[in-house]
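Step one of this worksheet: look at the structure below.
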Amino acid sequence: MEGWSEVVRIPLSNDTSSNNITSLKFDSIYNLLWFGTSQGYTRSFTTVPSSSINPYSQSLQLSPYTSFKTTLGKNKVLGNISHKDGILSLSNNCINFNDRRGITKFSISSSDNELLNNLSCFTFNGSMTSEVVIGTNSSLLKVDLNKPSNISTFNHDGNIISINNLSKYLILGKSNGSVELFDPIGNVSIKEFQAHNGVLFDFDVHDNLITTCGASIRSRRYYHGHHHNQQQQQNSNTPELTLDPLVNLFDIRTKKSLAPIPFPAGASAVKFLPKLSNMIVIASYTGQLQFVDVFDHTHTSIYQADLLLSNSNQIQNPHQYKSPSLQNLEVSANGEHLAFMDSYSHLHIWSLNSSSSSKTFVSYPPPLDQPDTTISPMYGPYSIDENIPLSTVGMPFYKDQLLSGFPYELSFTKELARIQTQIDPELLIESEKTKGFIPYDKVKYGPRNIYKRYQSLNDNKSGGSTYDGKILPKFISEQKNSSKSLRKTISNSSIDSDNPIEKDKDKDKDNEDTNNNSSIFQYKPNQPGNKVPNCYSILQIQYSKFGVRDFDFSFYNKTEYCGLENHIDNSYINALLQLYRFQPEFHYLVLGNLLKEWLPNDYNTIINNKNPQGSSILNELGYLFDMMEKAKGKNVNISNFTQILSMNEIIKSKGLINVNECQTLNSKDLRNLITMFNEVLINQLNQDFFIQTQSKPLSSLMGIPYELEIKSSSKACLINEKSGGLMFNLDLITPPSNALNQYAVVINNKWNNQSNIINPNTTKKNITIVTYLEYSVNQFRSVPCQQSHSHQFPHNLEIRKSIVSLPSLLSINVNLSSTEFKLINSFEQWLLPEFYVFNNNNSSNNPLSFRQNVSQLENPKNYLKYELVGFVCEISHQSDSATGFHNLVSFIKTGGEWYLFNNFLVMPIPQEEVFNLSSNWKKPVVLLYNSSDISSNKFEYFHSETFAKIPSLNSSILYRDHFAGTIRESYKKEYELLTEQEAPEFGSIVAIDAEFVNLAPDEFEIRYTGDKKLIKPKVLSLARLSIIRGEDGPKFGKAFIDDYIVHTNEIHDYLTNFSGIEPGDLDPIKSQKNLTTLQTTYRKLWLLLNMGIVFVGHGLYNDFRGINIQVPSNQIRDTAEFFYKSSYKRQLSLKFLAYILLKEKVQTGNHDSIEDAYTALLLYRKYLDLLAQGQFEDTLSNVYMEGTALRFKVPE
């Protein structure tokens, strides 16, 4: 702790004998230093800007703030405590509460209550600032600040000379030199440490440590033959004290003493430093200051305070000279200042690195109330023509530094300090190509010279966040009827969830709350200046202290279709996943694959192939589709699916992993990313189908056969090759300008049979996607031949690639350049809701022809109709070259209506807007078309009542072990597998609990005010899952699943205190437990879910979210929700409920998921019993009342 020095020394009293300083205290909230005097006054100082020659000097100066009487008569002030509403002062028979301006809130003394006698010290009652505990020589008192006349006593015999507090305990310094640990809730003494056998000078507490200093009784020694006079004999009973050369340390957790800290000078005061909990400062009466690390006593810094008077004239009577001594050591709340007094009432303030340290005693103090001032009368007014010297007008006197006197090195931007708008990089590129003036593009940039009103964040008085000048809804816990809203949010089930009356009431209230805000994201056509409508915005999830569950997703989605969360790796794929999910054949093909079992668990898969989940993209996509189906209008997290993507070597090699929500991508990069992912996804799914089922159903559904012909233009060259292949995505190519004109002429001729005149103004308007498809399915290139021949004549190779036929489900990648998209924007209606494909069997060069209308077909018998299912669209909020200002949305037609899917925002959208591509910020990227001949065999979605009877279902994993890698025969099982005679039935009850490990920590944004904002939550991964039997019988409460999940990636935090998972437990090589892959455990839970099993647990919202599975509310029995009283806004822990209701102590060590599941099951049964007896509401109220008394903690 180098760098401490004295910055201020102030004499606080001219009369050192009659008005001494008796107490000193830094304010914990405001920038104030308080001290009490021997005459009963409480005074305060605050820091002020320096008035030295250099206006920006860093020296500290103090100015008086308030002074007021706080004791009866001339009783001295024994101590002060700062409160959020004022300052508390104590004398030997009185306690005062004043605001910081000195106005009395209350004053109670011994005349009001006889208990208030011989008071010695006081402090807050733990973390409760509404109660004060006072120590006396005979008792321990408690005063309620809200009802100061309400004074109660603890079961204590007093003899207290000093007191301090922790969150749960009071620390009492006693007159015999000991330190006592006292529990104010249980009203019992926990432990007494014999710190010093003489007297206690000072002690301090921080976290779980207590440090003390004092004096001990010196042993008297007598020698034979030594003569003692009478006076010595009379004083033989008076103990002789000597300063202890050691500073003691005690650990509250272990209730034991630690190694003491040597301090040969003899300590008179000791304090912890707030910012460095391992550092303490020790002071002696002679002014020696020593900073010591409590865990490394060799880490020491020593200073000497100058306590001598600088002016000897201050000693008015030399016979009254006192040796200087250090008294009342205190440390500021921010840990950057020390304050102490000397024996002449001089205040000394030391600071750390005084030239650069903070000039305040607390971090970010609120402003102080200032005294009311009167404005001096103005003389005049003076007219310009009057013969009066200007010097008579005068200038105001400023004590503080003016804002206009800023240093020369600082500079400010005009226009309210707005950031200047950057020049569009596309203009810079165009300016290099074009000579002369570039006209302003009003269509792209909107009207010019439009004033935008400046809006301060302080204008938002309602507390909600703003978007585009409008107020978004607050967190659910902050809204009106927040208790009901939060109850609805934090739970997934309720006994009354099927009550239609309550549902209607809640719905009406929700509509009331959101009526004023519902238009924020509503689509509004004809936006001024080519502005992007709010519904296409880049959305952000906000997090409160309740986490993501407090975010009002329902404001963004009032449909029956689920939205997908962002703020997760690879969330750019959300729009594409929604697109494929709403194509029935693709959806049901992927989902139906889950009926079969594919659970690789060998070391080669887990370690060599880097697939610890033991899963595949196909399986995880099936599980995701099932979640999206069950979620209905709720939000879904794709964490399991994106985790398997991140482990896939092909995905990684293609650069398709994105972990920053596309913040570093420009428009072109984002289009490349999603089109490449679309191509790789379908190929990988087709490969997974073959590995798992030895079939390739996607080849027949989405496969596009093509022929490739390469031949020479010279007869001397014998190259003439033909080959074929299959691809899954058709890459759209822009035809050259001559081809566009040619297609336009053909279309005009067919539409204008009465005239052969072509209107050039309508030529572009006739171009549609059909034109592009016609060109893209037949590609021709000519390249120089590189082969060696006997002749030397140069010649070319002609390469032709032709699409033979189109599949039933056509996926089209539209990865064009910005210039090509501008051309599409200029067409009247480029994107078509349907088109027709004609097979030219007699044409080898052009086997396919495309038409817009049936009336144009030459032979209607051979056509196929293709209808648009939907498309992924890129939205650019700035220029195409800007990074981080582009996002992907999808337009999908389902149930005869068009919907917009923008991550978790889902809303209906007009068809006109879907096909309107006239804005340059809107670019279709992936198109999906259905043909009329697509299979009409509908997949019957899973129904819980009949799921177990599906013939192709393989549920054998429920009845056998399937361990990853090697089986540890020595490991003792804590579960008993289900037998087929115990096969779960619809409505059966099981109890569940899950434990997790932390793969990545929370990501925070630290603001200049010191506040932290969560911007990305921690990543949890399932580590253990236990499920126990819940039906009556001999095996009631017996676990049948207890899986530990294998992990090969780095684990940030095992959360051992909460999960019971130790380092190495999940390692496939080191673990002593039998491990399973994540998919093995997930499949067990997924099977139980679809069989209609009812899950009992405590806090199941968090468990199911961490597992990443959607469970319908009618299959959840959550005891955290049942035993919840909305008026308290506090959920009760499983440990506390078991202690109160079951009279059992659980979770005494690390958490055990089997124990937790069994406890939740017993609580659920207790809940049903209380309901049946009609005692539930009374019991719940008593539980909360008892919890309030115990602070909702189980006594140790």
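Within the set of pairs 6 or more residues apart or between chains, which connect a residue that is more than 30 Å from Pro365 (Cβ to Cβ) and among the charged types (D, E, K, R) inside the range 1010-1028 to a residue that is open to solvent by less than 40 Å² (accessible area, probe 1.4 Å) and assigned to a loop (DSSP other than H, G, I, E, B) with Cβ atoms less than 7 Å apart?
That search, which allows pairs on different chains as well, returns Lys1016/His567; Arg1024/Ile1061.
Please tell me if Asn1108 is touching a helix residue (DSSP H, G or I) at 6+ places or on another chain (Cβ under 7 Å) and of a type in the set (S, T, N, Q).
Answer is yes for this residue.
List the pairs whose first member sits in the range 1139-1159 and is in contact (Cβ under 8 Å) with a residue 12 or more places away in the chain, whose second member is assigned to a loop (DSSP other than H, G, I, E, B) and open to solvent by less than 70 Å² (accessible area, probe 1.4 Å), and whose Cβ atoms are under 7 Å apart, counting only residues at least 6 apart or on separate chains?
Close Cβ pairs satisfying both conditions: Tyr1139/Val1194; Lys1145/Val1194; Asn1150/Gly1060; His1151/Gly1060; Asp1152/Gly1060; Asp1156/His1098; Tyr1158/Gly1037; Thr1159/Val1146.
How many residues does the range 176-216 contain that are in a strand (DSSP E or B) and farther than 20 Å from Ile282 by Cβ?
Of the residues in the range 176-216, 9 are in a strand (DSSP E or B) and farther than 20 Å from Ile282 by Cβ.
If the requirement is being over 30 Å from Asp602 (Cα atoms), in contact (Cβ under 8 Å) with a residue 40 or more places away in the chain and in a helix (DSSP H, G or I), which of these qualifies: Ser646, Ser700?
Exactly one of Ser646, Ser700 is over 30 Å from Asp602 (Cα atoms), in contact (Cβ under 8 Å) with a residue 40 or more places away in the chain and in a helix (DSSP H, G or I), namely Ser700.
Right, Gln542: open to solvent by less than 20 Å² (accessible area, probe 1.4 Å) and assigned to a loop (DSSP other than H, G, I, E, B) or not?
Criteria not met by Gln542.
Residues Asn666, Asn640, Asn658: which one is over 30 Å from Val1111 (Cβ atoms) and of a type in the set (S, T, N, Q)?
So the residue among Asn666, Asn640, Asn658 that is over 30 Å from Val1111 (Cβ atoms) and of a type in the set (S, T, N, Q) is Asn666.
Among the residues of the range 589-610, are any assigned to a helix (DSSP H, G or I), under 19 Å from Phe728 (Cβ atoms) and touching a His at 6+ places or on another chain (Cβ under 6 Å)?
no
Just one of Asn1182, Asn1150 is touching a helix residue (DSSP H, G or I) at 6+ places or on another chain (Cβ under 9 Å), more than 21 Å from Leu1100 (Cα to Cα), at pLDDT below 95 and open to solvent by 50 Å² or more (accessible area, probe 1.4 Å); which is it?
The unique qualifying residue is Asn1182.
Counting only residues that are assigned to a loop (DSSP other than H, G, I, E, B) and either open to solvent by 10 Å² or more (accessible area, probe 1.4 Å) or farther than 22 Å from Asn159 by Cα (or both), how many does the range 65-112 have?
20
Among the residues of the range 114-167, write down those that are of a type outside the set (A, V, I, L, M, F, W, C), part of a loop (DSSP other than H, G, I, E, B), open to solvent by less than 40 Å² (accessible area, probe 1.4 Å) and at negative phi.
Ser139, Pro148, His156
Among the residues of the range 594-611, write down those that are touching a helix residue (DSSP H, G or I) at 6+ places or on another chain (Cβ under 7 Å) and open to solvent by less than 10 Å² (accessible area, probe 1.4 Å).
Leu594
Can you give me the number of residues within the range 821-862 that are open to solvent by 50 Å² or more (accessible area, probe 1.4 Å) and at pLDDT below 90?
Qualifying residue count for the region: 18.
Is at least one residue of the range 1073-1093 more than 24 Å from Asn619 (Cβ to Cβ) and surrounded by fewer than 18 Cβ atoms within 10 Å (Cβ to Cβ)?
No, there is no match, as no residue in the range 1073-1093 is more than 24 Å from Asn619 (Cβ to Cβ) and surrounded by fewer than 18 Cβ atoms within 10 Å (Cβ to Cβ).
Of (1) closer than 17 Å to Leu119 by Cα; (2) crowded, with 18+ Cβ neighbours inside 10 Å, Pro184 satisfies all except one. Which?
(1)
Hey, among Val1111, Val1096, Val1194, which residue is assigned to a loop (DSSP other than H, G, I, E, B) and buried (at least 19 other Cβ atoms within 10 Å of the Cβ)?
Val1111
For every residue, the table says whether it meets (1) among the aromatic types (Phe, Trp, Tyr); (2) over 21 Å from Ile957 (Cα atoms); (3) within 26 Å of the chain's Cα centre (by Cα).
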residue	(1), (2), (3)
Phe1004	yes, yes, yes
Leu1025	no, no, yes
His1047	no, no, yes
Asn1074	no, no, no
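For the condition on the phi > 0 side of the Ramachandran plot and within 33 Å of the chain's Cα centre (by Cα), what is the one hit in Asn903, Asn887?
Among Asn903, Asn887, only Asn903 is on the phi > 0 side of the Ramachandran plot and within 33 Å of the chain's Cα centre (by Cα).
Which count do you get for residues in the range 982-1002 that are under 26 Å from the mean Cα position of the chain (by Cα) and without any contact (Cβ under 8 Å) to a residue 60 or more places away in the chain?
5
If a residue must be buried (at least 16 other Cβ atoms within 10 Å of the Cβ), assigned to a loop (DSSP other than H, G, I, E, B) and modelled with pLDDT of 85 or more, how many such residues does the range 778-813 contain?
Final tally of qualifying residues: 3.
Which condition breaks for Ile691 when tested against (1) open to solvent by 40 Å² or more (accessible area, probe 1.4 Å); (2) part of a helix (DSSP H, G or I); (3) closer than 25 Å to Lys801 by Cβ?
(3)
Could you list, in sequence order, all residues of the range 136-159 that are of a type outside the set (Gly, Ala, Ser) and in contact with a Lys or Arg (Cβ under 6 Å, 6 or more places away or on another chain)?
Asn159
Give the residue that is nearest to Thr966 (Cα to Cα), with candidates limited to residues of the range 578-630 that are acidic (Asp, Glu) and within 35 Å of the chain's Cα centre (by Cα).
Glu620
Assuming Val997 fulfils every condition listed in (1) β-branched (Val, Ile, Thr); (2) open to solvent by 60 Å² or more (accessible area, probe 1.4 Å); (3) within 18 Å of Asn1108 (Cβ to Cβ) apart from one, which condition is it?
Just one mismatch for Val997, condition (2).
The values are calculated or read from the model by the stated rules, or taken from the named source; none is laboratory data. Here the structure is a predicted model, which is why all the values come from computation and not from measurement. Please note: Cβ atoms are built from the backbone with ideal geometry, for glycine as well, and neighbour counts cover all protein chains shown. Side chains are part of the model used for accessible areas, which takes the heavy atoms of the whole protein and leaves out ligands, DNA and RNA. Shrake-Rupley method; radii C 1.70, N 1.55, O 1.52, S 1.80 Å.
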